[in-house]
Amino acid sequence: GYGSISGFPDLECFKISQEMMLARPRVGSDSTHIPFEKLPIGSVVTILPNHSCLAAACFDKYYVIDDTTNSFSGAEEVVDTWIPAKFW
């Protein structure tokens, strides 16, 4: 897949574009369904990408946090700032 979905460890993002994301049960997980009752159409979710080509061009800097829980809350301490290389 393209990334994890915060708060839903048994789901993975398997298709993504600028406007939408498709999810499915993570390969190897015990889950065989998507919890639609927790994710109505139009839900806003946080995707933790493992490949960021689509996102890379959208930002002029990245704030790096030290988090191993994959559950971004916004309270994490910024440990570094990265400036991406562009226009090459």
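Given ASP66, ASP60, which one is closer than 26 Å to PHE87 by Cα, of a type in the set (D, E, K, R), at pLDDT 80 or above and open to solvent by 70 Å² or more (accessible area, probe 1.4 Å)? Talk me through it step by step, then tell me what you get.
Values: ASP66 fails: closer than 26 Å to PHE87 by Cα.
Going through ASP66, ASP60 in turn, just one is closer than 26 Å to PHE87 by Cα, of a type in the set (D, E, K, R), at pLDDT 80 or above and open to solvent by 70 Å² or more (accessible area, probe 1.4 Å): ASP60.
Residues in the range 7-22 that are modelled with pLDDT of 90 or more and either more than 23 Å from GLY74 (Cα to Cα) or part of a loop (DSSP other than H, G, I, E, B) (or both): how many?
1
Can you report the number of residues in the range 31-57 which are at pLDDT 75 or above and either part of a loop (DSSP other than H, G, I, E, B) or more than 16 Å from the chain's Cα centre (by Cα) (or both)?
We begin by selecting, within the range 31-57, every residue at pLDDT 75 or above; these are 31-50.
Within this subset, residues satisfying the condition of being either part of a loop (DSSP other than H, G, I, E, B) or more than 16 Å from the chain's Cα centre (by Cα) (or both) are 31-46, 50.
Result for the range 31-57: 17.
Are there any pairs, at least 6 apart or on different chains, whose C-beta atoms fall under 8 Å, with the first in the range 29-44 and under 15 Å from GLY7 (Cα atoms) and the second among the β-branched types (Val, Ile, Thr) and assigned to a loop (DSSP other than H, G, I, E, B), and if so, which?
LEU39/VAL45
The values are calculated or read from the model by the stated rules, or taken from the named source; none is laboratory data. Keep in mind that this is a model prediction, so the values were computed, not measured. Don't worry about glycine lacking a Cβ; one is built from the backbone with ideal geometry, like all the others, and counts go over all protein chains shown. Surface areas here come from the heavy atoms of the whole protein model, side chains and all, with no ligands, DNA or RNA. Shrake-Rupley method; radii C 1.70, N 1.55, O 1.52, S 1.80 Å.
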